[in-house]
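Asks: Quick one: this structure, given as structure tokens, is what I'll be asking you about.
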Amino acid sequence: MEIIVKETVEEMSKVAARVVAHTLNAKPNAVLGLATGSTPLGLYQELVRMHKEENLDFSQVTTFNLDEYVGLTQKHPQSYHYFMHENLFKHINIPKQNIYIPSGTTDNYAAFCNWYEQRIRECGGVDLQILGIGSDGHIAFNEPTSSLGSRTRIKTLARQTIEDNARFFDTREQVPIYAITMGVGTILEAHKIILLANGEKKADAVAAAIEGPVTSMITASALQLHKDTMFIVDRPAAGKLTMLDYYEWIQAKMPNAP
Ligand code: PGA
């Protein structure tokens, strides 16, 4: 794992955007795995800027989003369909038919989940997966005790996640209880993964994911098993890492490595 600590959310977002741009320059028809939430907003803003000012091209890109709330229509302002459209897709030149987001309103979730996994495979797998992390250590909506081999499926949200996400809704009661989410096993098949985290509220989860045991109690810890994962975090989110000095030493010395 590579651990990059930046002083601000802006710097964190710019490093992540450079990784995305590098992926698209090397493979213009790359498949991106995308996340929602407050964490990747700066990344999406930077990608939009790069598209407008530096001609970063999304015309051949395919995207798969991690998750969606069950029961929210695409037009609901808190749906992840709406979030992605407003914060990224409407500002870039990605063809509509190349965008995949789990459906929160299908009448057959089991069939939809199988189809979603199949589409990822048919598109050649995810080249670069973007992740956030929940304060309970989840990736996507893989809540504590999710199988580390899990695939796309319906998940019941943890109370802590409902509390965390209540800030986006008028009342706590409006937060959906179920979500459709890629599994940990699905995520681990991505060729490259970057996990973003900012703020002190994420420090415990980040430390547990990077330095704790691999455990389904912190599903982000499964990334320790992945061959090419980068954690890009701001300094407050890195606050509980016991080996922080070492990670910064590695970053300082890496340019001269043989
Ligand atoms: P956040 O959510 O970016 O809004 O903090 C992250 C997550 O729950 O994965």
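The values are calculated or read from the model by the stated rules, or taken from the named source; none is laboratory data. The structure presented is a predicted model; accordingly, all values stated were derived computationally and were not measured. Cβ: placed from backbone, ideal geometry, glycine included. Neighbour counts: every protein chain shown. Ligands, DNA and RNA are excluded from the accessible area calculation, which covers all protein heavy atoms including side chains. Shrake-Rupley method; radii C 1.70, N 1.55, O 1.52, S 1.80 Å.
Asks: At a probe size of 1.4 Å, how large is the accessible area of E122, to the nearest 10 Å²?
Replies: Approximately 100 Å² of E122 is accessible to the 1.4 Å probe.
Asks: Considering only DSSP beta bridges where both residues belong to the chain, give the percentage that are antiparallel (nearest 5).
Replies: 30 percent
Asks: For R119 and D245, what is the calculated FRET efficiency with R₀ set at 41 Å and r taken between the beta-carbons, to the nearest 0.05?
Replies: The formula returns an efficiency of 0.40 here.
Asks: Using +1 at the C-beta of Lys and Arg and -1 at the C-beta of Asp and Glu, which of G239, L223, S79 has the Cα lying farthest in the positive direction of the dipole of the chain?
Replies: S79
Asks: Expressed in nm to one decimal, what extension gain is obtained for the pair K96 and E200 from 0.36 nm per residue of sequence separation less their Cα-Cα distance?
Replies: Roughly 33.8 nm would be gained on extension.
Asks: Then there is this: Output the antiparallel fraction of DSSP beta bridges having both residues in segment 83-218, as a percent to the nearest 5.
Replies: 60 percent
Asks: If Lys and Arg each add +1 and Asp and Glu each add -1, what is the summed charge of the other residues whose beta carbon sits under 12 Å from the beta carbon of L32?
Replies: Surrounding charge for L32 is +1.
Asks: Over segment 104-177, with a single point scatterer placed on each C-alpha, what log10 of the ratio I(q)/I(0) does the Debye formula yield at q = 0.23, 0.26, 0.28 1/Å?
Replies: One equal scatterer on each Cα of segment 104-177 leads to -1.20, -1.25, -1.28.
Asks: Going by Cα centres, segment 56-116 and segment 1-33 are how many Å apart?
Replies: 21 Å
Asks: Can I ask one more? Just name one of I154, P28, M12: the one whose Cα is farthest towards the positive end of the charge dipole of the chain (beta-carbon charges, Lys/Arg +1, Asp/Glu -1).
Replies: The Cα lying farthest towards the positive end belongs to P28.
Asks: Continuing with this model, one more query. Could you list the trypsin sites (Lys or Arg not before Pro) in segment 160-258 that lie in coil according to DSSP, counting only those with at most 10 other Cβ atoms within 10 Å of their Cβ?
Replies: The qualifying sites are K227.
Asks: Please compute the modelled spin-label separation between Q60 and I177, points set 7 Å along Cα→Cβ, answer in nm with one decimal.
Replies: 4.7 nm
Asks: So, counting K/R as plus one and D/E as minus one, what does the shell of residues with Cβ under 14 Å around E68 add up to?
Replies: +2
Asks: Also, quick follow-up: For segment 137-216, which whole percent of the accessible surface, found with a 1.4 angstrom probe, sits on carbon and sulfur atoms?
Replies: For segment 137-216, the apolar C and S fraction of the accessible surface comes to 50 percent.
Asks: Still on this model: Accessible area per residue for the chain in Å², computed with a 1.4 Å probe and the full protein assembly in place, what is it?
Replies: With the other protein chains kept in place, the chain gives 46 Å² per residue.
Asks: Can you classify segment 85-126 as rounded, prolate or oblate using the Cα gyration tensor, where a ≥ b ≥ c are the square roots of its eigenvalues, rounded means a/c under 1.5, and otherwise it's prolate if a/b beats b/c and oblate if not?
Replies: Here segment 85-126 falls in the oblate category.
Asks: Once the convex hull of the alpha carbons of segment 1-63 is built, what does its volume come to per residue, in cubic angstrom?
Replies: Taking the convex hull of the Cα positions in segment 1-63, it is 95 Å³ per residue.
Asks: Could you work out how far apart the two model spin labels at A110 and K52 are, taking each label as a point 7 Å from the Cα in the direction of the beta carbon, and quote it in nm?
Replies: 4.7 nm
Asks: Pop out the carbon and sulfur fraction of the accessible area of segment 9-95 as a percent, whole number, probe 1.4 Å.
Replies: 49 percent
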